[in-house]
Amino acid sequence: MEDFTLLATAEDNCSVQSVTQSIPSGTVLSTGSYAITLDVTDASGNTSDCTFDLNVNDTELPTIACPSTQTRLVNGSCNYILEDFASAASVNDNCSVQSVTQSIPAGTNLSTGTYAITLEVTDASGNTADCTFELNVNDTELPTIACPSTQTRLVNGRYRNRIHYSKRCRTALPNA
């Protein structure tokens with residue numbers, strides 16, 4: 001806290017001995033309202049005082065740094081259940097952090113794609129800051145295919161229009 005005695009106007013018909021304040025200068029105050037009393041004493045020991053309110057407000061924004069781009073894989077049902085990235089953010093405040101929230105709530109089912117995730121920090125005075133990072137949800141599981149067993153087709157006169165010939169081999173292909 002600053003020295004408010006320097007801002008006071010103290011006068012006396014003889015001479016002012018001292019001006020003091022109820023909360024000493026240099027005292028660290030948290031946010032809130034404080035009654036500050038200034039006392040003036042003259043050379044004869046006479047005193048007088050005045051009181052004013054000091055409101056201490058936190059207007060400094062908190063800071064937040066998001067994690068870098070994140071990549072996650074879908075599960076067997078081709079979904080990814082979104083985790084809570086709030087703890088992955090680096091947050092700071094001059095007083096105290098109240099909360100960190102996420103734009104897409106944790107537990108949301110996401111399909112493959114790219115998502116912008118915004119994290120917002122709020123301090124105890126209601127000041128906020130945010131950051132955004134990308135979340136890539138990928139499917140890297142290879143598809144499977146089962147081929148039919150070996151197929152045999154006969155070449156005869158009836159199927160002549162459906163047969164494709166090569167120079168040395170005649171192969172009947174099934175109709176598409």
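For the residues 157, 107, 126, the requirement of being modelled with pLDDT under 75, of a type outside the set (D, E, K, R) and either surrounded by fewer than 10 Cβ atoms within 10 Å (Cβ to Cβ) or under 13 Å from the mean Cα position of the chain (by Cα) (or both) singles out 157. The lone criterion from (1) assigned to a loop (DSSP other than H, G, I, E, B); (2) within 30 Å of residue 32 (Cα to Cα) left unmet by residue 78 is number (2).
Applying a threshold of 7 Å to beta carbon distances and a minimum spacing of six or more residues, or different chains, the list of pairs starting in segment 1-19 at a residue that is free of Cβ contacts under 8 Å to residues at least 24 places away in the same chain and ending at one that is surrounded by 15 or more Cβ atoms within 10 Å (Cβ to Cβ) and of a type in the set (Ser, Thr, Tyr) reads 18/41; 19/5. Suppose the filter is of a type outside the set (D, E, K, R), modelled with pLDDT under 95 and assigned to a loop (DSSP other than H, G, I, E, B); does residue 61 pass it? No; evaluated as a whole, the condition is false for this residue. Inside segment 106-158, can you point out the residues that are of a type in the set (Gly, Ala, Ser) and closer than 22 Å to residue 64 by Cα? Listed by number, the residues that qualify are 106, 116, 124, 125, 126, 129. Taking segment 64-83 as the range and being of a type in the set (Gly, Ala, Ser) and either under 28 Å from residue 124 (Cα atoms) or at pLDDT 95 or above (or both) as the test, the residues that pass are 65, 68. With respect to (1) among the small types (Gly, Ala, Ser); (2) in contact with a Ser or Thr (Cβ under 9 Å, 6 or more places away or on another chain); (3) not in a strand (DSSP E or B), the lone exception for residue 18 is condition (3). I'd like to know if segment 73-83 contains one or more residues that are of a type outside the set (Phe, Trp, Tyr), in contact with a strand residue (DSSP E or B) (Cβ under 6 Å, 6 or more places away or on another chain) and under 29 Å from residue 4 (Cβ atoms). So far as segment 73-83 goes, no, none of its residues is of a type outside the set (Phe, Trp, Tyr), in contact with a strand residue (DSSP E or B) (Cβ under 6 Å, 6 or more places away or on another chain) and under 29 Å from residue 4 (Cβ atoms).
Checked across segment 44-58, the condition of being in contact (Cβ under 8 Å) with a residue 12 or more places away in the chain and under 30 Å from residue 117 (Cα atoms) holds for at least one residue.
The residues on offer are 74, 19, and the sole one that is out of contact with any Cys (no Cβ under 6 Å at 6 or more places or on another chain) and more than 30 Å from residue 143 (Cβ to Cβ) is 19.
The values are calculated or read from the model by the stated rules, or taken from the named source; none is laboratory data. The shown structure was predicted, so the numbers you read here are calculated from the model rather than taken from an experiment. Reconstructed Cβ throughout: ideal geometry from the backbone, glycine too, with neighbour counts over all protein chains shown.
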